Structures are given as structure tokens and as C-alpha cells.
Amino acid sequence: MRNVDNEPATLEDGYMDKVFSRRAALVTGAGLSAGLALPGVARAAGDGTVGFTLDAETLDGGEQITSVTLGTARAGPIDPASLTTGTFRVHAKATSPIDTGGQDAGYDLDRPVTAARLDRRGDIVLELGHGEGQPGAGTLGYLDRKSRNVRLDLVYTITQTAPVRSRHGRPVTFTRFTQGRLANAEVDAFGYHTSRSGMKYRLYSPAAPRGRRPLIVWLHGGGEGASLPDHYYDNETTLRANRGALGFATPEAQSTFDGAYVVAPQSTSAWMDDGPRFAPLIHEIIREVQRTRPIDPGRVHVAGCSNGGYMTLKMTTTYPGTFAASVPICGVVTARNEGGPPLVPDAELAAISTPTWLVASRDDDTVDPLANTVHARELIRRSELTLYDQVVWNGHRFPGHWSWIYVARNDPSTRGTHLWQWMARKRR
């Protein structure tokens, strides 16, 4: 990723001579306050250079850049009244890190600035237009020919189009902006790890765990696996493409589970490519976390979507004594190809003893819910099923395959009990 934009800020509306005068440049670099350094945010330098971070959030439909934070605090106090949505212009260019086969996976456009404010440290924050379906806000590109998400290379260009004022009323202009890191507080809370067998995974640890805690294993969908022909195995998209794993790390979920570890392995291809081989590799990660963290072996839960829904079922058939609860979401149990063997045979489904709650949507046009989820429900003894008509959240309708959104929001319920509460009560 390119991190530096060497183009100077340009000023419009007749400010050019005034702002780029020697006096204005001195104002920018003078009176630097000591302040507290904000990790990841480069500060204003004496030459008027300002570093900025890309602030991201993982929405239900994937990660988006929701704002940029300019490290301006050390240049001196800024009058917040001098900030408007037109004070800075933000341009975003995104390109794929691997060959797209001709698919246009990126974008090149101006991002609308919807608000400009100061944060508590005195840095300027530019809020950007974002939301489900917002063009040019996402950090990921989906490559159709590989059925994979990739983390796009992002180059943001900040242009100051009018001066701001210091608290003393003097005009302040920053001459250059340098791009820093991508910051997503929820994603960054998960540490990076690699198992002895080479499988990458992310791990969330609860704050100040007391005693042995539950462990929730999240198994991602096919789009978040590796794309090995291109040597693309990033340990990133698992947490950025949807809220599947992140949902279990929210304050609400952590309160429900009384503090839980959340582990999210990343497949080196797709779980359905070779489930019997991947099952021991996932189990190795579970055992590794159990050795290094205070995990309650009777409260290990597994959940996953699509490819991961299949793998969730496969884990409970391969390791029937490991899991306290299982949540397969829009998973596949039927044959991948016509005439081929089922991925999870009926005999294996009927033998599952792990408490299981299946989730899918009737309008799923990627994985047939009747042939897979409903069929599995009929065979797994005492299993629960939530079958939605469609996937709608906060007024936005998503593809029917994306029923994991409901699980990440603890929406499924039965007999007055919601999914997370049901899981939290289970013990092996």
C-alpha cells in the first residue's frame, strides 16, 4: 500500500496568496503543543505536513472507511467554528493487490465529507458518507472468478480548499498530508496468530478474564479464505468482510457470555475443498488456545456461515465431545456436484449429539435452504431452527444468503430465548 501523498494542499476561492504566504506557513509550524501522542496518527510537522489515519468500521455488508483523522493537534488549537464540510476534499483510489482477470474490483472517486469536527485531542476528523451499498467506501473487493474477498490497496488524497482558523483567529494551512494506517477498533482488538501447522487465525481476548472463560470458534464463509494461486493469505478478510466473528466480541455478547475468547481461523482455500483435512487443523488451533489461555473446556462453542456452516457441522461430526453448542448458518450438506457424495452424509447428521441451532433464509439463492439447512434440522436430534423469509437489517435488504447477519446481531430466538443466551447456557 502506498502511504505517502506528496502533492501539496491547494487552496481555492482567492485564498492562495494569503494562505501560502511565509507568515501563514510559520503559523502552521509555530506553537506546537506537547499533547498526548495518539498511536497510529502522525502529527503535524514543522513544515506543515500532517499525517492522517483511515478510520474504518465493519458494517453488516463489509468494512468501510467512515472517516479520516488528521493529526493536526500539535499545530495548535483550531477553532471548530472554522471547520466546514467544504474545508477539505477527500479523494479515494482503491486497487486490487492481485490479478482480477479483468474485473473492475476497485474505484477512483471523491468521498463526500458529511461533517468536520475536532476530536477530544484536538485533531480534525472528517466524517465521510458511508452506509450499506455506498459506492467507494469499502476496503474490500470481491473477485468473482476466485469467489474471494481481497483487501484493496487504498490511496487517499486530502486537499485543503480553505484555511482554518486558530483559536486566536489566525489562518492555518497544512501544506502536505501523508497517509497512515487503517484503524478499525473492533478488528484491531483481535491479535494475529499462526498455528504450528501454518493455519492463520485471529484471537480476541476478553478484558481481565477471571477464571476459565468460554471459547467461541468462528468459521468464515468461502469468500474469506485464501487464494493460494496468487499467494494471497492475509488473515484480514475474516474480520473485515462481515460481522460474524466481531459480533461475539461486542460488549453485549461479552456480557452474555461473561467474557469469552473468540478465535477465527482462516482457511488456506475453502473449507468445503477438504473438510476432513481441515478439521484437525482447526482442532489444533482450539487446543493451542486452550493451552495458552484460561479456557473452560466445557464451554467451547462453534459457529460459522456458508462454507463455515458446513465446516461447523463437520467439526461436530469429527469431534463429538468437544463442543457445548453449534450454530451452522446457511451451511452445505448436500453434494457439491450432481451425482457426487454428500458433504455431510445423513448418517453423520443423525449421529450429531452437540446441541445445534441452524439458521438460514428462505430466499437464499446460493445454498438451497430446504435441501441443506432444513434437511439437516430434520436429522439432527433436538436441534433448533430459525428460518427467515429474507435478510433485512436496519431497513436494508441483503442477499438471502447473508443470514449470518442475524446471528451477529443475536436476532434468532425460540420460546423467548435468544441465540447467544442459549449458547451461553450450554455446557458439555
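Each reported figure results from applying straightforward, stated rules to the coordinates on display, with no laboratory input. Small disclaimer: the values here were computed from a predicted structure and weren't measured. Methodologically, a virtual Cβ is constructed for each residue, glycine included, from the backbone with ideal geometry; neighbour enumeration extends over all protein chains shown.
Along the charge dipole of the chain, which of Val50, Gly106, Cys305 sits closest to the positive end, that is, farthest toward it, with unit charges on the beta carbon of Lys, Arg, Asp and Glu (+1, +1, -1, -1)? Of the candidates, Val50 comes out farthest on the positive side.
Placing unit charges on the Cβ atoms of the charged side chains and taking the dipole of the chain about its Cα centre, the candidate lying farthest along the positive direction among Thr373, Val125, Val262 is Val262.
Placing +1 on the Cβ of every Lys and Arg and -1 on the Cβ of every Asp and Glu, with nothing else charged, gives the stretch 89-246 a dipole about its Cα centre of roughly 840 debye. When +1 charges are put on Lys and Arg Cβ atoms and -1 charges on Asp and Glu Cβ atoms, the dipole computed for the chain relative to its Cα centre reaches about 1740 debye.
Convex hull volume of the C-alpha atoms in the stretch 118-228, normalised per residue: 205 Å³. Between Leu118 and Ser413, the simple spin-label model (points 7 angstrom out along Cα→Cβ) gives 4.5 nm. Calculated mean residue ellipticity, 222 nm, the chain: -4500 deg cm²/dmol, from DSSP H runs (n ≥ 4) at -39500 (n - 2.57) each, averaged per residue and rounded to 500.
Taking the centroid of alpha carbons for each part, the stretch 170-188 and the stretch 143-158 are 21 Å apart. Dipole size of the stretch 366-413 about its Cα centre, with +1 on Lys/Arg Cβ and -1 on Asp/Glu Cβ: approximately 120 debye, rounded to the nearest 20.
Taking a ≥ b ≥ c as the square roots of the eigenvalues of the Cα gyration tensor, the chain is classed as prolate, since a/c reaches at least 1.5 and a/b is larger than b/c. For the stretch 187-425, the calculated P(r), taken from all Cα-Cα distances in 5 Å bins from zero up to the bin holding the longest distance, is 1, 7, 15, 20, 21, 18, 11, 5, 1, 0, 0 percent.
The stretch between Thr366 and Gln421 holds 16.9 nm of extra length on full extension. This uses 0.36 nm per residue minus the Cα-Cα distance. The residues packed around Lys426, meaning those with a beta-carbon under 13 Å from its beta-carbon, carry a net charge of +3 if Lys and Arg are +1 and Asp and Glu are -1.
Applying 1/(1 + (r/R0)^6) with R0 = 41 Å to the Cβ-Cβ distance of Arg397 and His168 gives a FRET efficiency near 0.20.
Using a/c under 1.5 as the rounded threshold, could you call the stretch 348-428 rounded, prolate or oblate? The axes a ≥ b ≥ c are square roots of the C-alpha gyration tensor eigenvalues, and prolate needs a/b larger than b/c, oblate otherwise. Taking the square roots of the gyration eigenvalues as a ≥ b ≥ c, the stretch 348-428 is oblate. Principal axis extents of the Cα atoms in the stretch 252-297, from largest to smallest and rounded to whole angstrom, are 36, 24, 14. Both radii were evaluated on the Cα set of the stretch 95-167; the Rg over Rh quotient, with Rh as the Kirkwood radius, amounts to 1.10. For Ala189 and Arg287, the difference between the fully extended length at 0.36 nm per residue and the C-alpha to C-alpha distance is 33.2 nm.
Measuring r between the beta carbons of Asp389 and Thr161 and using R0 = 35 Å, the FRET efficiency lands at 0.15.
The slack between Asp274 and Thr178, meaning 0.36 nm per residue of separation minus the straight C-alpha distance, is 30.2 nm. The simple spin-label model puts a point 7 Å past each Cα toward its Cβ; for Asp230 and Asp258 those points are separated by 4.6 nm.
Within the listed set Gly136, Gly198, Gly331, the residue fluctuating most in the Gaussian network model of the chain (springs between alpha-carbon atoms under 10 angstrom) is Gly198.
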